[in-house]
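The values are calculated or read from the model by the stated rules, or taken from the named source; none is laboratory data. Note that this is a predicted model, so its numbers are computed, not measured. Ideal geometry is used to build each Cβ from the backbone, glycine not excepted, and the neighbour counts take in all protein chains shown. Ligands, DNA and RNA are stripped out before the accessible areas are found, and what is left, the full protein with its side chains, is counted by its heavy atoms. Shrake-Rupley method; radii C 1.70, N 1.55, O 1.52, S 1.80 Å.
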Amino acid sequence: MRILGISGSLRRGSHNTNLLRAAADLLPPGVELEVFDGLRELPPSDADRDVQPADPAVALLREAIASADGVLIATPEFNGSVPGVLKNALDWASRPFPDSALRGKPVAVIGASTGLFGAVWAQAETRKVLGIIGADVIEHELPVGQADGAFHVNGGLVEPQQQAVLCDLVRVLAARARRRGGAGGRLRSGFAVRV
């Protein structure tokens, strides 16, 4: 079974990409996490460009989501909301409506930020958008605040309570994906990084 990880941050050394790596270490046996690394290549969402065949970067995103059994999104918070690059990806993934790759797909949202609140607003907004799209949204959150000091050198979370919440959340996501029937397939190489 495969979970697709999407980090809402493009920055090298991203705390949210690190959070996905920490989640990968906690997945149950038989479940792997692959991190999608193509957000930077996505064009701005534009109904005039939403045609077939889709832009190659858009097609890769949609295929990555469709072939995954579940999705784990790690988002920072920009100006109290969802980063533009992540919202753009969700807008592209929501098409074609109503039969998008996210429709009915189990999705969990976590987040890290350097502030005190751990991207709670961005997580809530992302879950709201996913619900409108029709994803099977897991209504749990993991706010990792003061992310500069939140990770061990080995990648895990320093705070045991946060580590326990992350462990529970990825197990719920994996169980929900398993109940859905593991509809994912194999990814074409070139747009995901195994963690």
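Comparison of Arg2, Arg21 shows that the only residue that is under 24 Å from Pro96 (Cβ atoms) and among the charged types (D, E, K, R) is Arg2. Within the stretch 4-33, residues that are under 21 Å from Asp148 (Cα atoms) and without any contact (Cβ under 8 Å) to a residue 24 or more places away in the chain have Cβ atoms under 9 Å from residues that are in a helix (DSSP H, G or I) and of a type in the set (Val, Ile, Thr) in these pairs: Arg11/Thr17, counting only partners at least 6 apart in sequence or on another chain. Taking the condition modelled with pLDDT of 95 or more and touching a helix residue (DSSP H, G or I) at 6+ places or on another chain (Cβ under 6 Å), does Ser67 pass? Taking the combined requirement at face value, the residue does not satisfy it.
So that you can scan it fast, the table gives a plain yes or no per residue for (1) of a type in the set (S, T, N, Q); (2) on the phi < 0 side of the Ramachandran plot; (3) at pLDDT 95 or above; (4) open to solvent by less than 10 Å² (accessible area, probe 1.4 Å):
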| position | (1), (2), (3), (4) |
| --- | --- |
| Asp37 | no, yes, no, no |
| Asp46 | no, yes, no, no |
| Val85 | no, yes, yes, no |
| Ala108 | no, yes, yes, yes |
| Leu116 | no, yes, no, no |
